[in-house]
Amino acid sequence: MPLSKKNYEKLASILGNRTIKSKGQVINAISKYLKEDNPRFDRDRFVVAIAKHNTYYLDQKTPLGNVVPLGKTVIIGGKRFRV
């Protein structure tokens, strides 16, 4: 299903928000929006999907703090993920 104008406007407002200073805050803001849009949205899977496109996985508890190299298994919310 294609994104609507409302979706694009909300994403633009998140990305343009001057109070958001870090990548972790962007991830949290987008995750919150996606959860509001779809109650079945799984933030943990989203974070792991982001990690697969980066050199390092950034831990969920401190999104820009604890770094785990790719290829490791991490546990988020009691679920195991290989990144």
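Yes or no, residue by residue, for (1) out of contact with any Gly (no Cβ under 8 Å at 6 or more places or on another chain); (2) modelled with pLDDT under 75; (3) closer than 24 Å to residue 1 by Cβ:
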site: 15; (1), (2), (3): yes, no, yes
site: 19; (1), (2), (3): yes, no, no
site: 25; (1), (2), (3): yes, no, no
site: 30; (1), (2), (3): yes, no, yes
site: 46; (1), (2), (3): yes, no, yes
site: 83; (1), (2), (3): no, yes, no
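Residues that are under 23 Å from residue 51 (Cα atoms) and exposed (fewer than 10 other Cβ atoms within 10 Å of the Cβ): does segment 6-18 have at least one?
There is at least one residue in segment 6-18 that is under 23 Å from residue 51 (Cα atoms) and exposed (fewer than 10 other Cβ atoms within 10 Å of the Cβ).
The values are calculated or read from the model by the stated rules, or taken from the named source; none is laboratory data. Note that the coordinates shown come from a computational prediction; the quantities given were computed from them, not determined experimentally. With ideal geometry, Cβ positions are generated from the backbone for all residues, glycine too; neighbour counts draw on all protein chains shown.
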